[in-house]
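To start, the structure under review is shown below, and the notes come after it.
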Amino acid sequence: MKFLRAWMSGMREDSGRSADGRHGIAGGAVKGSALASFADAVPFRLPQDLIEWVAKFDPQVIYSPLGSIRMMSAALQLSQRFDIPIVPHFMDDWPSTVYMDDARYFPLRRILRNKLEKILSRAPFGLTICDDMSGEYGRRHGMRFEAFMNCVDVPAQSVGEARHGGGEVVFGYVGGLHLNRWKSLCDVAAALQAAKDAGSDVWLDIFAPEADIRAYRSEFDGFTAVRNMGSLGYSDVRETLRNYDVLVHVESFLPADSRYTRLSISTKIPQYMAAGRPILAYGPDTLSSIAYVARVGAGLAVTKEGDVPGLLDGARRLIGLPGLRTQLGETGRNVASERHDAARERKRLMALLASAAAKGEA
């Protein structure tokens, strides 16, 4: 399938065409400041050169994560003008959170909801980031939603244990510290510090964006169990994850943060599972990321806020039971192979978009 990736600042063509010659248009979401939020509602009309360009491309389906009023306006006008279906892909629950922080945004909320209803009326089905979101969106909108989760390259064979000297067990965290995740990670560090003070040879490495490291490094200064804090390039993530015995995932317990993350699956969960390493997850059990780790058996989840003793108990189990680490890691790798493997999921996405195109031509 040949794709076009559409951004509000312009459009860029991405290479590729399927064997059956089907076409698609992909749209990118746009986020901005408060001023940009009001600009988002300015009436949008398709430029003539864009209309001519799309007509030449001759798409059969529009695929887009939407995310803004202007992006929805563009997708909707293209769908109506060329009489083709839209397949929206929801990566997080932005329809429930965008423009909710200020009463002045109420008119924008009404516009956004109206646009979304029109988009869904032209969608044979929708895509979401996880099963939990598909279930809730299906009930919310009365239509079919398919879960299409983050994809990774999954090794065909077990990657084996991480190798360290003596009885050393190293925990690793890779991800952002924003949305108050740093607070939860401090609880994990406190638990590992307690294990270290009791005689365990345990360490925690933290990798996050450079801005996050600068902002929150001082919060971890008191923990001698925190061995390294730094940043990674995307291409280094996969090999780095395999260097650890246990991988840590955290979410904020604050309701204001949970609103945004409740129905999302963090991109690093499939990466962690593909690495064949057990996960120590810490966050509310109402969040899909935390519930997913526990549900598929890829790790241990601690779900009570401030439960450093619970984290310590989970950490001690993972430190003292190599067989448990292996079992959880292999379970996660198997789930990643079944549900997150890029080669397999790419084919499934092509098939879904082809079915949408067929319905549009019927």
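The values are calculated or read from the model by the stated rules, or taken from the named source; none is laboratory data. For clarity, every value in this text was computed on a predicted model and none was experimentally measured. FYI the Cβ positions are ideal-geometry reconstructions off the backbone, even for glycines, and counts take in every protein chain you see. Calculation scope for accessible area: heavy atoms of the full protein, side chains included, ligands and nucleic acids excluded. Shrake-Rupley method; radii C 1.70, N 1.55, O 1.52, S 1.80 Å.
To the nearest 20 debye, what is the magnitude of the charge dipole of region 181-228 about its Cα centre, counting +1 on the Cβ of each Lys and Arg and -1 on the Cβ of each Asp and Glu?
Computed charge dipole of region 181-228: roughly 80 debye.
What are the equivalent ellipsoid semi-axes of region 153-266, built from the alpha-carbon gyration tensor (square roots of five times its eigenvalues), in whole angstrom, biggest first?
Sorted largest first and rounded, they come to 23, 20, 14 Å.
Using Cα atoms only, what is the angle between the long axis of helix 106-121 and the major principal axis of the chain, expressed in degrees (0 to 90) to the nearest 10?
70
Working from the alpha-carbon coordinates of region 85-125, get Rg over Rh, Rh being the Kirkwood radius.
1.03
Work out the P(r) tail for the chain: percent of alpha carbon pairs separated by more than 38 Å, whole number.
Tail of the P(r) past 38 Å holds 25 percent of the pairs.
Starting with the highest mean, order 129-140, 269-280, 101-112 by the number of other Cβ atoms within 10 Å, averaged over the residues of each peptide.
Answer by packing, highest mean first, reads 269-280, 129-140, 101-112.
Share of region 172-297's accessible area from carbon and sulfur, percent, 1.4 Å?
51
Between residue 218 and residue 313, what is the label-to-label distance in nm when each label sits 7 Å out along the Cα-to-Cβ direction?
Distance between the two pseudo-spin positions: 3.6 nm.
Going by alpha carbons, how many degrees (0 to 90, nearest 10) lie between the helix axis of 308-320 and the longest principal axis of the chain?
Between helix and principal axis, roughly 70 degrees.
Using the alpha-carbon centroid of each, what span in Å lies between region 314-362 and region 110-135?
Each part's Cα centre sits 23 Å from the other's.
What nm value, rounded to one decimal, do you get for the distance between residue 267 and residue 121 when each label is placed 7 Å out toward the C-beta?
About 3.5 nm, to one decimal.
Assuming 0.36 nm per residue, please report the length gained on full extension of the stretch residue 295 to residue 158 beyond their Cα-Cα distance.
In short, 47.2 nm is gained.
Using the Karplus curve 6.51 cos²θ - 1.76 cosθ + 1.60 with θ = phi - 60°, work out ³J(HN,Hα) for each residue of region 130-144 in order, rounded to whole Hz, and write x for Gly and Pro.
Coupling constants for region 130-144: 6, 4, 4, 5, 4, x, 5, 5, x, 5, 5, 10, x, 8, 7 Hz.
Per 0.36 nm of contour for each residue apart, how much would the distance between residue 146 and residue 359 grow if the chain were fully extended, relative to their Cα-Cα spacing?
Additional length available on full extension: 75.1 nm.
Taking the Cα atoms only, what angle lies between the long axis of helix 342-361 and the longest principal axis of the chain, rounded to 10 degrees?
The two axes meet at around 20 degrees.
Taking the chain, how many lysine pairs are there with alpha carbons less than 24 Å apart, if each pair must be eight or more places apart or span two chains?
Counting lysine pairs in the chain gives 16.
With a ≥ b ≥ c the root eigenvalues of the C-alpha gyration tensor of region 102-181, is it rounded (a/c under 1.5), prolate (a/b larger than b/c) or oblate?
oblate
About its Cα centre, how strong a charge dipole does region 236-362 have in debye, to the nearest 20, once Lys and Arg get +1 and Asp and Glu get -1 at the Cβ?
Rounded to the nearest 20 debye, it is 340 debye.
How much accessible area per residue does the chain have, in Å², with a 1.4 Å probe?
On a per-residue basis, 45 Å².
Does region 214-298 classify as rounded, prolate or oblate by the C-alpha gyration tensor (a ≥ b ≥ c root eigenvalues; a/c under 1.5 gives rounded; else a/b over b/c gives prolate, otherwise oblate)?
oblate
Charges at C-beta only: +1 for Lys and Arg, -1 for Asp and Glu. How large is the resulting dipole of the chain about its Cα centre, in Debye rounded to 20?
1060
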